[in-house]
1. Would you mind checking the tilt of helix 143-152 against the longest principal axis of the Cα atoms of the chain, expressed as 0 to 90 degrees and rounded to 10?
2. Considering the chain as a Gaussian network with a 10 Å cut-off on Cα pairs, which listed residue, 117, 238, 125, attains the greatest mean-square fluctuation?
3. Cut-off 10 angstrom, C-alpha nodes, Gaussian network model of the chain. Which of 159, 185, 103 fluctuates the most?
4. Taking the Cα-to-Cβ direction at residue 153 and at residue 250 and moving 7 Å from each Cα, how far apart do the two end points lie in nm?
5. Looking at region 74-118, which chymotrypsin sites (Phe, Trp or Tyr not before Pro) are in a loop (DSSP not H, G, I, E or B) and have at most 14 other Cβ atoms within 10 Å?
6. Would you mind calculating the gained length between residue 230 and residue 21 on full extension (0.36 nm times residue separation, minus the Cα-Cα distance), in nm to one decimal?
7. Considering only C-alpha atoms, what is the centroid distance from region 54-78 to region 175-232, in Å?
8. Express in nm, to one decimal, how much length is gained between residue 206 and residue 169 on full extension, taking 0.36 nm for each residue of separation and deducting their alpha carbon distance.
Amino acid sequence: MRPLSSTRTPTCESQIDVKPFTVRLRFHGDLDFFVRSKTRSRIVERSLSEKTSVKDVIESCGVPHPEVDVVVVDGQSVGFDHTVAAEAEVEIFSAENRGTLNTEKHLQVSDISRFVADGHLGTLARTLRLLGFDVVYDQRADDRHLLEVMARQSRALLTRDRRLLMHTVVQHGYCPRSQNAEEQTIEVVRRFNLLNLIAPFTRCLRCNALLEDVTKSDIIDDLEPLTKIHYQQFRRCAGCSQIYWGGSHFQKLQKRITNIQLRLARKDDN
Ligand SMILES: [Zn+2]
């Protein structure tokens with residue numbers, strides 16, 4: 001696999017043809033998360049001396065392409081491969097702006113519900129699993145493995161590593177803005193429009209496999225004495241055989257789910 005350091009693809013012949021020019025980029029919505037760390041402004045000027053794809057110009061400002069849903073160059077909605085070869089005004093919108101823009105040309109999809117999370121997002125992965133979502137997570141996974149799983153299984157990549165998100169093979173992905181797992185979960189549910197797909201307690205928090213109903217008699221030998229007495233309903237993971245029941249830990253998880261759902265229901269809660 002080639003290095004992750006750059007996705008830029010300048011063309012040699014353009015160096016002869018094109019005089020230096022300036023591109024002015026304005027980043028809308030939550031994309032200022034990426035830009036402001038560099039400039040304290042939503043507007044960035046780039047001086048170019050060769051034809052460059054609009055995708056490369058945007059990423060040179062620190063904004064990974066999976067975060068960009070609409071690009072408008074001099075009033076025209078374009079794709080990532082659009083070439084900038086002269087002075088231009090570029091407006092860049094994230095998926096957050098979807099619904100407010102009158103354009104057919106969206107560069108992201110919003111209906112992905114399967115993910116692979118990088119090794120730093122363990123709590124986010126488990127919280128998404130708690131809500132029923134299919135999230136591959138392995139704390140030891142390296143970048144190569146993450147990208148392989150993402151591509152082979154058509155998953156969206158969740159990572160706070162912007163360089164990784166900029167890799168050319170990444171089609172769909174998201175960089176959680178918050179460092180808090182509950183807020184990250186809310187961000188992901190909103191970004192990928194998952195609210196109506198939430199199905200709590202259907203997936204194993206440990207291994208991501210689906211849970212299945214199991215009768216108490218089938219697992220009674222695996223239960224602690226007090227659990228045997230106080231609980232009647234159980235579920236078992238089809239993958240790792242972990243048994244789940246409505247104990248005190250369950251109450252804490254239920255409270256977490258309720259809190260997330262309440263916050264999701266409040267549209268102005270950012
Ligand atoms: Zn399991």
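Every number here is computed from the coordinates shown, using simple stated rules; none is lab data. Bear in mind the structure is a predicted one, so any value in this text is a computation, not a measurement. Don't worry about glycine lacking a Cβ; one is built from the backbone with ideal geometry, like all the others, and counts go over all protein chains shown.
1. 80 degrees
2. Ranking 117, 238, 125 by mean-square fluctuation puts 238 first.
3. Of 159, 185, 103, the Gaussian network model singles out 103 as fluctuating most.
4. The modelled label-to-label distance comes out at 2.7 nm.
5. 80
6. Between residue 230 and residue 21, full extension yields 67.9 nm more.
7. Value for the Cα centre distance between the two parts: 37 Å.
8. 10.5 nm
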